[in-house]
Number of protein chains: 2
Amino acid sequence: MTSQSTECERRVRGLRAQLIQQGLDGFIIPHSDEYQNEYLPASAERLAWITGFTGSAGTAVVLQDHAAVFVDGRYVLQVRQQVDLRIFEPRHVSEVTVNDWLSSVLKPGDKLGYDPWLHTPKEVRQLRQACARVKAELIPCRANPVDAIWIDRPPVPRALVVPYSTAYAGKSSEDKRKELAQKLKDDRIDVAVLTTPDSIAWLLNIRGGDVSHTPLPLGFACLENDESATLFIESQKVSETLRDHLGPSVVVASIEEFGAALKKIGGTRRRVLCDPQRTASSVFDQLEQAGAEIIEGEDPCVLPKACKNPVEIAGTREAHKRDGAAVCEFLSWLALEAPKGKITELDAQAYLDSRRQRQALWKDLSFPTISACGANGAIVHYRATAETNRLLEPNTLYLVDSGGQYLDGTTDITRTVAIGTPTSEQRACYTRVLKGHIALATVTFPKGTTGTQLDTLARQPLWEVGLDYDHGTGHGVGCYLGVHEGPQRISKTPSTVALETGMIVSNEPGYYRAGAFGIRLENLIVVVPARSSGVEGRNWFAFETLTVAPFDRNLMDLSLLTSREIDWVNAYHEMVRETIVPLVDLPTQSWLRDATEPLR
Amino acid sequence: MTSQSTECERRVRGLRAQLIQQGLDGFIIPHSDEYQNEYLPASAERLAWITGFTGSAGTAVVLQDHAAVFVDGRYVLQVRQQVDLRIFEPRHVSEVTVNDWLSSVLKPGDKLGYDPWLHTPKEVRQLRQACARVKAELIPCRANPVDAIWIDRPPVPRALVVPYSTAYAGKSSEDKRKELAQKLKDDRIDVAVLTTPDSIAWLLNIRGGDVSHTPLPLGFACLENDESATLFIESQKVSETLRDHLGPSVVVASIEEFGAALKKIGGTRRRVLCDPQRTASSVFDQLEQAGAEIIEGEDPCVLPKACKNPVEIAGTREAHKRDGAAVCEFLSWLALEAPKGKITELDAQAYLDSRRQRQALWKDLSFPTISACGANGAIVHYRATAETNRLLEPNTLYLVDSGGQYLDGTTDITRTVAIGTPTSEQRACYTRVLKGHIALATVTFPKGTTGTQLDTLARQPLWEVGLDYDHGTGHGVGCYLGVHEGPQRISKTPSTVALETGMIVSNEPGYYRAGAFGIRLENLIVVVPARSSGVEGRNWFAFETLTVAPFDRNLMDLSLLTSREIDWVNAYHEMVRETIVPLVDLPTQSWLRDATEPLR
């Protein structure tokens, strides 16, 4: 850690010098890029470069005499291990928000810089209020001061963009554009500016390779209400095949032309739809300066993308079968090898990843596999490294959270297994997490219900004994796109987004004992019409589970399960056995038969 | 209904003529007064006067060629019975909001009037947007056009304001003002403008009698950060006793002086706290015009008022015992008399009300008793009248929702009882409502949890079979104040207000079969620290039930109850028996012993 610390000190010292040059007293470094997107290319990993913290969400603020990193519950342990605590104060956002912290440390007259490409207008508004409260000033930076000192910054990625076949997408880009254009016309909007790469990928039926683990083509787009569109993207990423696929109604322009296009929209005073929660403040600034009439509203691709069509759902089901086969091969191998006491977290991770890679239509992992034993399992987004790598020792819990990007769908699964003999407390905790998982998997709910309303069902068995977990219960998942996707989610956070049929979400309650063990049980589930509709003729929904892999029977305390819960486990395991046995080798088949034996 | 319709036609015709005189194309009539308060004096019942609809929430819009009344799920049946459907189109706000409806019917150039004393700035902002969307104009009216044609408008109420003893309030007004003044100082605020009568009643430890069933003193107040205050109130309502009670730091001014006071706040450019969700737009307009620096924020009384202190909770517990005695006397009488087939809804209501009135410290009902049999029970906020009055016939369900205002606390209880033999379906529905009630009564939850998160627990047993209810599960309740009180609630609606210890809410799931029967089971519950704190040392809360009256055992289908639910019913009934037997006459004692016999 010593060399790391020195490095960090050097970088922060460099940034502070740079800030003085730019006339700033501080700078805010979010985990984001100009696409306001969770998945960043290496060239945009400014937060990791300056702090050492590699989580998927967080914000740093560097002032001349203070520096802090703000993370959510998933990262409270990790951040303390990764950042130099002599330089950065780690803070949990539920204890103090970035904005409240700024109001407490900034002094009147202080100038805080921000990069308008890395924040939404809403974030900027809040930052400005936080500064105003203490009479400090918020200053947009034309040049990002981190970039100015980041000598060895990796190049911007330029992966080829490829067509995504309608055989997987289920609907042609023409049809998608036609439907959205009609909506724009209905709302008397001329053009929608799209800056979210997965929206653009969905709308144009294209995929890219600019970031790890998610097939995003980084770029911008404009959708006109006459069904035509312009794609702004690095020209090196465009092939003739792609041009053919896009067809004559989609103009391909270089990314440098985006600014001129915004100016033109403004110059002709057109009504432009722009998403204040997903689009960089800089885009709004440019449109406003040019004189456009901005209509703030949700990116029109977000909701139709979230509600998967039957082809996407069928594809995702198939992807989950192959993914389940890979996971079962891994779990079967683990059951044989782990007791020998020679497998490490990294060994297990490598084996699981190799099983996935062999599957048909496999393209990538959907995120770096979390392979965590014992106390490492309590670090919610743990990633094993040479330094942290642990042996899978007897009498510990092993947590593995992983997923694949297949051409026909995206998977995400977590299983927790006992290495050796679990304690009765571990079994009790595991069983309560499982009860929450089952409660969510089996709920029937009326149209209009949000994920906030359902979140509690997954927590209640833990709440009963004073336990909880500090992360959401479920995130949306794309179809060969982001493994995290909005707008739907299942979490404590107030939401106004109703769950709709075709939405895929994860069902992943957990429990974490810091320094001891972690438990998480995750399946993906899709919203479907409830089998028996409500007597009042309203619309009723339920979930269908997509993931196909057994839960560890050794960790279930049957005395804590109701007979209905036991029936659910047995029915699920029977489905797993029947689905997976034809897809795997003999040793896995044999393990699977044991692993899916009915309870009781 | 014929004469009523003619009356309505005449009033709407009069209003339309008045609108033309004022140069308006339409006018919006909310259910509110200048205090933005659910409980209106007769002089402010403009919505009821113009439409005939008497519910506690709703909005009418009268245009020259359209008129509509918007109500929530509680009132969808009632509104159709009360308004002249040839004139007013009844709309459910969950199908179309007032604002969306306005955007669909207003034409470019239309002028829609509103009374700035009857809307919050937030409502005005939304109305203005709705108008702007279709290029219509929103016009504040100096004089309310309804008042101009309302010849026989009742006079503004002038009930004497009386001190509320610290023996019941638990904290002196001096102490309350001291604490709030410190918070104002911390936020560098000079003065808070209070326009919510129950906030003022709480802060100054006073009660009034200006509206039915809630001891509100209608008036305004300003709280200075030096702990002094001014109360603006009709001078006829103020006695020497009250002046003595208020003490030298509280100036009493006439209500007419409020405008001048706002002007003065502006003239001295003071920082003034004003609640945009609870204060009339007119107050904001006046402050702005005068040049005040308005800090938008929650009325500082709201949260401390909601979190009852130990004296208030103890008082409320005592009030519930006496209230429970009254309810048990009624239920015992009902068990004897109803089978004779001669009792009507109004008879039952009169008997119940008379039992309550005999209790010590009784001051008023907390709302008009809902006494509803058979199909009337499905009208959520039913009120029996000579026209609708039904006999309590054999083999029907009878629903009674009632409460009392006692000097030491406010009560609200709903019971549903079988007259004769219930059907097995009625028993199944009742039992599912009861299961939801028990789920909420017994939940343990971590600090930070909102009512939205808990609401689902009360609905899930109904959701399982495709049933639901179209109202919230719980509302906040005051202490000898409003029977509906914010900011806490338990409902589907997204909320950011965490439940805190001392908050009282109702627990009232229900089920309604239109045209057939209604079921609602309501107790008041208070947030208390959980008996066993969570192992992680966080704060854990639970509910303690305050209401003391048995649930109808004849309506419970034991095959649908878990053993834990049966245990809860038995323990609750044991508590009821032990609490109430010493307080009631011999026949009620004997009935109570039967009614609280353990299940199984």
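The values are calculated or read from the model by the stated rules, or taken from the named source; none is laboratory data. All values derive from a computational prediction rather than experimental measurement. Cβ placement follows ideal geometry from the backbone for every residue including glycine, while neighbour counts extend to all protein chains displayed.
Annotations
- Meeting the requirement of 1 or more residues that are crowded, with 20+ Cβ neighbours inside 10 Å and within 14 Å of chain B (Cβ to nearest Cβ), the strands (runs of 3 or more DSSP E) wholly within region A:375-467 are A:444-446.
- Selected residue [farther than 29 Å from A:T369 by Cα and modelled with pLDDT under 95] from A:S235, A:S228, A:S254, A:S249: A:S235
- Yes/no for B:Y512 being within 13 Å of chain A (Cβ to nearest Cβ), in a strand (DSSP E or B) and either touching a helix residue (DSSP H, G or I) at 6+ places or on another chain (Cβ under 8 Å) or farther than 21 Å from B:Y406 by Cβ (or both): yes
- Selection from region A:289-300 of residues that are in contact with a Pro (Cβ under 8 Å, 6 or more places away or on another chain) and either of a type in the set (S, T, N, Q) or in a loop (DSSP other than H, G, I, E, B) (or both): A:E298
- Count - residues of region B:334-354 that are free of Cβ contacts under 8 Å to residues at least 60 places away in the same chain and surrounded by fewer than 20 Cβ atoms within 10 Å (Cβ to Cβ): 11
- Matching entry among B:E298, B:E240 (being surrounded by fewer than 21 Cβ atoms within 10 Å (Cβ to Cβ) and free of Cβ contacts under 8 Å to residues at least 24 places away in the same chain): B:E240
- Any chance B:G324 is within 30 Å of B:V584 (Cβ to Cβ) and modelled with pLDDT of 95 or more: yes
- Qualifying residue in region A:63-76 (condition: of a type in the set (D, E, K, R) and surrounded by fewer than 16 Cβ atoms within 10 Å (Cβ to Cβ)): yes
- Selection of region A:78-102 for residues being within 14 Å of chain B (Cβ to nearest Cβ) and assigned to a loop (DSSP other than H, G, I, E, B) yields A:V93, A:S94, A:E95, A:T97.
- Any hit, region A:284-300, residues being of a type in the set (V, I, T) and over 19 Å from A:A229 (Cα atoms): no
- B:I313 being in a helix (DSSP H, G or I), within 24 Å of the chain's Cα centre (by Cα) and among the hydrophobic types (A, V, I, L, M, F, W, C): yes
- Restricting B:E485, B:E464, B:E544 to residues that are farther than 28 Å from A:T496 by Cα and among the acidic types (D, E) narrows the list to B:E544.
- Helices (runs of 4 or more DSSP H) completely within region B:140-230 that count 2 or more residues being surrounded by fewer than 22 Cβ atoms within 10 Å (Cβ to Cβ): B:145-149, B:166-169, B:173-186
- Residue within region B:553-573 that is of a type in the set (A, V, I, L, M), away from chain A (no Cβ under 14 Å), surrounded by 23 or more Cβ atoms within 10 Å (Cβ to Cβ) and under 25 Å from B:A314 (Cβ atoms) present: no
- Some residue of region B:565-583 being touching a residue at least 40 places away in the same chain (Cβ under 8 Å), assigned to a helix (DSSP H, G or I) and closer than 23 Å to A:L462 by Cβ: yes
- Verdict on A:E522 being at pLDDT below 95 and of a type in the set (D, E): no
- So B:P304, is it at negative phi, out of contact with any Asp or Glu (no Cβ under 8 Å at 6 or more places or on another chain), surrounded by fewer than 23 Cβ atoms within 10 Å (Cβ to Cβ) and at pLDDT 95 or above: no
- Residue in region A:529-545 that is more than 14 Å from chain B (Cβ to nearest Cβ), in contact (Cβ under 8 Å) with a residue 24 or more places away in the chain, at negative phi and surrounded by 15 or more Cβ atoms within 10 Å (Cβ to Cβ) present: yes
- Considering region A:256-288, the residues that are among the polar types (S, T, N, Q) and not in a helix (DSSP H, G or I) include one that is surrounded by the most Cβ atoms within 10 Å (Cβ to Cβ), namely A:T279.
- Pairs linking a residue in region B:485-498 that is within 13 Å of chain A (Cβ to nearest Cβ) to a residue that is acidic (D, E), with Cβ atoms under 6 Å and 6 or more positions apart or on different chains, are B:I490/B:D455; B:S491/B:D455; B:K492/B:D455.
- Residue tally, condition assigned to a loop (DSSP other than H, G, I, E, B) and over 23 Å from A:V71 (Cβ atoms), over region A:478-505: 10
- Per-region count, region B:347-374, residues more than 18 Å from B:E337 (Cα to Cα) and either outside any strand (DSSP E or B) or out of contact with any Phe, Trp or Tyr (no Cβ under 6 Å at 6 or more places or on another chain) (or both): 13
- Within region B:94-122, residues that are in contact (Cβ under 8 Å) with a residue 40 or more places away in the chain have Cβ atoms under 7 Å from residues that are basic (K, R) and assigned to a strand (DSSP E or B) in these pairs: B:W101/B:R91, counting only partners at least 6 apart in sequence or on another chain.
- Which listed residue is within 19 Å of the chain's Cα centre (by Cα) and charged (D, E, K, R), from A:E45, A:E9: A:E45
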